[in-house]
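Working notes, beginning with the structure itself.
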Amino acid sequence: MGVRGEGVRREFLVVSSTATTTGGFSLKDLPGSAGRMDIVCRCVNSAFFLSHDIRRDTRLWLLLLGEPNPPILIRFEGSELRYLSPDERSAASLISKALGRQNITEHEILSTPGVYIRKGDMKDVLEGCGDGTDIIYLVETGEWIREIEMGDKLIFVLGDHMGLGEEYERLLADACARNVSVGQKSLHVDHCMIVVHNELDIRRTLSKAKLSPVPRNSVSQDLKVEI
């Protein structure tokens, strides 16, 4: 398991129930033969990309549960990332290269700068969370994110279009995760990540300026997201 760096303030754990766990998949058929790898790649881009920069304080865990070798954990480290461009095929290429490594075991190995891979499951990620880390499960029925207090170190857990399932939800409950929603509308997982980033960016800006939080019953103009 990778060491949690001091500069990491935001983590995401995205669970894909169908994404392939072998390399060499076609970059031209990410939704089909790669098991909806297109969704996973969009999450990579949403986790890290700004308009002309990347978020170096962010870490992304991908938990891949598709055939033939689940479960696989891939860790993207924003402070170390290289060779990643803001398109799905670029992210897919880095994932494919990692999955193509020989002898993937429970010991994490470096694939390309900022991309690590190992055999592992959600429990391994949660057990590696340091003291004081807020574990937040993003789910439609949770508390509205605008109404909760959050610490400095956060990990957000998201399922794909098929959800997490009872076993993982039980694991999160045992880890004292909080159920949190980003709004009343059902959003794609990668869009949820952008909303979370935006919310945390607003809070950081307000904190630095020592301004009052945005009122609960108002809509902030800062919620505009540049895509």
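Each value in this text was obtained by applying a stated rule to the coordinates, not by laboratory testing. Predicted model, so just to flag it, every value in this text is computed and none were measured. Note that each Cβ is placed from the backbone with ideal geometry, even for glycine, and that neighbours are counted across all protein chains shown.
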Within the chain, longest stretch free of exposed trypsin sites (Lys or Arg not before Pro) [DSSP loop, at most 11 other beta carbons within 10 Å]: 83-184
Under 23 Å from K210, Cα to Cα: lysines that are on another chain or at least 8 residues apart: K153, K224
For the chain, alpha-carbon Rg over 2.2 N^0.38 Å: 0.98
Residue order, fewest to most surrounding Cβ atoms within 10 angstrom, among M37, M150: M150, M37
Under 21 Å from the Cα of K119 - lysines, other chains or at least 8 residues apart: K97
DSSP H segments from the chain that extend 27 Å or more along their own axis, Cα-based, with Kyte-Doolittle mean of -0.5 or above: 189-209
Computed E for R170/R203 - FRET, C-beta separation, R0 22 angstrom, nearest 0.05: 0.15
Filtered GluC sites (Glu not before Pro), region 21-129: DSSP coil and at most 11 other beta carbons within 10 Å: E106
Fraction of beta bridges assigned by DSSP in region 68-161 that are antiparallel (%, nearest 5): 65 percent
